[in-house]
1. Hey, in the GNM for the chain with a 10 angstrom Cα cutoff, which one of Ser317, Ser178, Ser411 fluctuates hardest?
2. Hey, rough spin-label estimate for Arg255 and Glu184, points 7 angstrom out along Cα→Cβ, what's it come to in nanometres?
3. So for the stretch 327-443, taking the charge dipole from beta-carbon charges (+1 Lys/Arg, -1 Asp/Glu), which of Gly384, Ala412, Thr367 sits furthest toward the positive end?
4. How do Asp235, Asp308 rank when sorted from fewest to most other Cβ atoms within 10 Å of their own Cβ?
5. In cubic angstrom, how much convex hull volume per residue do the alpha carbon atoms of the stretch 195-257 span?
6. Can you say what percent of the DSSP beta bridges in the chain, counting only those with both residues inside, are antiparallel? Round to 5.
7. So what's the Cα pair-distance distribution over the stretch 100-170, bin width 10 Å, in %?
8. Could you please report the charge total around Ala253, scoring K, R as +1 and D, E as -1 over all other residues with beta-carbon less than 15 angstrom from its beta-carbon?
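Quick note: the coordinates plus some simple rules give every number you see, no bench work behind them. No experiment lies behind these values; they were computed from the predicted model shown. Cβ atoms come from the backbone with ideal geometry, glycine included; neighbour counts cover every protein chain shown.
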Amino acid sequence: MSENNSINRRDFVKSAAVAGAGLLMANSLNVAAQTSAKKRYAIIGTGHRATSMWGVQIAEKFKNEIEFVGLCDKNSKRVEAAKQLIGVDCPTFTNFDEMLAKVKPEILMVTTVDSTHHQFITKALAKGIKVITEKPMVTEANQAQAVLDAEKKYNNPLIVTFNYRYAPKHEKIKQIVSSGEIGEVTSVDFAWYLDTSHGADYFRRWHRLKSGGGSLWVHKATHHFDLANWWLNSDPTEVTAYGKLNVYGKNGAFRSTNCRPCPHKEKCPFYWDMTKDARLMKLYAEAESVDGYTRDGCVFKEDVDIYDTMSAIVKYSNGVSMNYSLNAAMPYEGYQISFNGTKGRLDIRDYERQPWEVKEVQEVYLTKNFTKKREKLEMPNIRGAHYGGDNRLQEVIFRNAEVPDYLKLPSARAGAMSCLTGIAARTSIEQNRPVKFSELIKL
Ligand SMILES: NC(=O)c1ccc[n+]([C@@H]2O[C@H](COP(=O)([O-])OP(=O)(O)OC[C@H]3O[C@@H](n4cnc5c(N)ncnc54)[C@H](O)[C@@H]3O)[C@@H](O)[C@H]2O)c1
């Protein structure tokens, strides 16, 4: 078949691991499966993610399953703004312990700054509350250990919201890789590109500091490392990495505190006018007086201590090696991944956003050794909401949506393994040496 011939609905599900799994009810982590009444749901950290995917969307789509009983944020004005944006009528708090004591939630959603997740996760697991945490689960190895230990001690499995797994396209990649079509996978080439809009946005916010998001190695790459671990069905064991800050932070020729009062608006290619977004103004600008946090911070602030240019070699327990890179100031957004196998190669190229017209936003090819031709594969192509992963994940968590076994809800182990790849990469750069997982965690 020539490379231009698309294959319609070809079924690649051959391996026992995938085909044998069949359709199972979501695993015991499924919060909706616990009792029949509406679940008492509370959120800690009521910023963007809490008010959107885990706020207004849950209040609207799952009103028969979920009752909002409490919202908590350390910023008193933001938590009130969040309540209005979500459109619920429940008490608000600035003290987490007080919220747990007063409203006794059955489910807690953790959507605070990444480096603080572990505090809330461990406390709530100890109280027997079902905890759902946004990625990255943690930003440091000792936090990962604390969460794993708490999950085990209280026999209370955590849910880590790896929404990218639930994208139909990523499920299809899982099926193809597991099917044996390209034989045993020997290595992976994985490159992720963040453009000068989305990539720059991380340098405007708390993410610009390792103490907030653990660097993009953890905050962003946790998604990619989780996908790789899941696709390969293996654990990473060692990482060697390089990283540099080439564009943002100290590299700027001028700077200000944030975009709104900036005297360099006219000449700055990264100038961003937050005042055009009423929701963001309400959530952040109107809450600035409480903690001084500016959502439109200058990307050239001198305190930026993370990297915008990153590459790593990751070794896996099954012998696979992965070359990974993440660049955060690119002219376009998307990724390329190739799985190299003993019988062939699977190539995926995705444009999420690019400044030129493309005929196809994604291209996927399967090339078998010695056949001298490649097959173009048709793949699910949902755009937005993490390639359709967000909606499906919500359905699995809150409505028992049926999923194959390999899509059962990820717990602390998956959360830890993906974060630890980034933590190992960060450590490798700081200490200029390969870092083994056995140095970081006891599983
Ligand atoms: N899965 C995804 O695709 C995805 C997308 C966006 C964000 N996220 C994750 O969601 C989480 C929230 O991100 P966001 O974009 O909403 O950030 P945000 O800055 O909008 O919100 C974070 C909120 O946490 C609050 N907070 C911080 N520390 C706190 C503490 N100690 N106690 C109480 N409140 C505290 C802040 O005041 C803020 O309101 C992060 O972990 C982020 O990585 C995931």
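1. Ser317
2. Roughly 5.0 nm, to one decimal.
3. With unit charges placed on the Cβ atoms, the residue in question is Thr367.
4. Details: Asp235 15, Asp308 25.
Lowest count first: Asp235, Asp308.
5. 112 Å³
6. Values: 46 of 74 bridges.
Just about 60 percent of them are antiparallel.
7. It works out to 21, 51, 23, 5, 0, in whole percents.
8. Working: positive: Lys250, Arg255, Lys265, Lys267, Lys301; negative: Glu266, Glu302.
My count for the surroundings of Ala253 gives +3.
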